[in-house]
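What follows is a single structure, written as structure tokens, with notes after it.
Values in this text are rule-based calculations from the coordinates and carry no lab data. Computed from a predicted structure; not experimentally measured. As a convention, Cβ positions derive from the backbone with ideal geometry for all residues, glycine included, and neighbour counts pool all protein chains shown.
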Amino acid sequence: MIKPDVMPMCQCDNCSKIHSADKLVEAKDLDQRLDYPIGHPDCKEPSGECPDCGALCYPVEPVALSNWDVTVHYQTHGGAAGARTIRGIKAADEDEAIEKANATVRRDPRVAKIHGGDVETPSEREDRQVYLVIQEGGSSAELYLRAHASRELAEKDRIRCAAGAFRTSPVVAIPRAVADTPGFLEAVEMALLAHQGLEMVDTPVKPAGKARFR
Ligand SMILES: [Zn+2]
């Protein structure tokens with residue numbers, strides 16, 4: 001059974017209605033209805049026919065949710081001004097993030113007037129994070145830890161490494177304060193290499209007559 005939350009949503013090219021893919025009617029005569037045959041690089045393949053108007057429906061790109069930090073400035077009933085930052089608001093866009101933050105502050109009975117929201121950045125702020133990629137070296141005994149200022153740069157680095165036929169790990173985000181500790185990256189590199197020496201150490205035989213053995 002397909003879970004409802006992974007069922008792709010599709011939009012009708014004609015009436016713009018959104019349907020889940022399982023509600024569509026199987027499309028007929030596609031070779032006459034499409035500009036390019038299916039499989040052609042320029043062909044956008046429809047998911048089926050709109051159950052309402054019969055036109056072709058296409059998959060809708062899922063909306064990405066980001067974690068935003070929004071600072072809301074407000075005035076209390078007593079007239080005093082204040083500001084509150086609400087972190088990690090899940091929203092599809094900036095306006096939605098501000099609206100959600102405002103709604104949160106509005107629930108505070110002390111707040112009389114809201115001056116509006118300042119969107120700082122998504123919560124995973126680039127200036128607070130460092131993005132690590134583990135890259136294998138020429139031999140299996142070599143590993144490099146590569147640190148980047150942004151996730152985008154880290155992903156680009158992975159592509160560059162792949163072009164040189166080097167495998168890389170998924171990007172790992174760590175706090176910048178940790179990465180800035182002197183010797184941290186070298187220490188992690190050593191720990192990663194130690195993983196290649198995993199083995200079963202010789203287990204001492206438990207001495208007879210002793211109830212506890214450490
Ligand atoms: Zn339609």
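Suppose R0 equals 41 Å; then what is the FRET efficiency for Arg33 and Glu120 from their Cβ-Cβ distance, rounded to the nearest 0.05? With a Förster radius of 41 Å, E is 0.30.
Taking a sphere under 12 Å around the Cβ of Phe166 and counting the other residues whose Cβ falls inside, with K and R at +1 and D and E at -1, yields a net charge of +1.
One decimal place: the segment Ile174-Cys53 gains 38.5 nm when fully extended, by the rule 0.36 nm per residue minus the C-alpha distance.
For the pair Asp202 and Met190, label points projected 7 Å from Cα toward Cβ lie 2.6 nm apart. With a cut-off of at most 15 other beta carbons within 10 Å, and DSSP calling the residue loop, which GluC sites (Glu not before Pro) in the stretch 22-110 qualify? Please list them. The qualifying sites are Glu26. Rg and Dmax, both from the Cα atoms of the chain and both in Å, are 27.6, 87. Residues of the chain were split at every exposed loop site, defined as chymotrypsin sites (Phe, Trp or Tyr not before Pro) in a DSSP loop with at most 16 other C-beta atoms within 10 angstrom, and the longest piece left, sites excluded, is 1-165. Spin-label pair Glu155-Glu136: with each label point 7 Å from Cα along the Cα-Cβ axis, the two points sit 2.4 nm from one another. Placing pseudo-labels 7 Å out from each Cα toward the beta carbon at Gln75 and Asp42 gives an inter-label distance of 5.9 nm. A convex hull fitted around the alpha carbon atoms of the stretch 65-108 yields 54 Å³ per residue.
Highest mean packing first, where packing is the average number of other Cβ atoms within 10 Å per residue, the peptides 78-89, 146-157 line up as 146-157, 78-89.
Each part gets one Cα centre, and for the stretch 130-203 versus the stretch 76-100 those centres are 37 Å apart. When the alpha carbon gyration tensor of the stretch 8-59 is reduced to an equivalent ellipsoid, the three semi-axes, largest first, read 18, 11, 9 Å. Among Val171, Val188, Val201, which one moves the most in a GNM of the chain with springs linking Cα atoms closer than 10 Å? Looking only at Val171, Val188, Val201, the biggest GNM fluctuation is shown by Val201.
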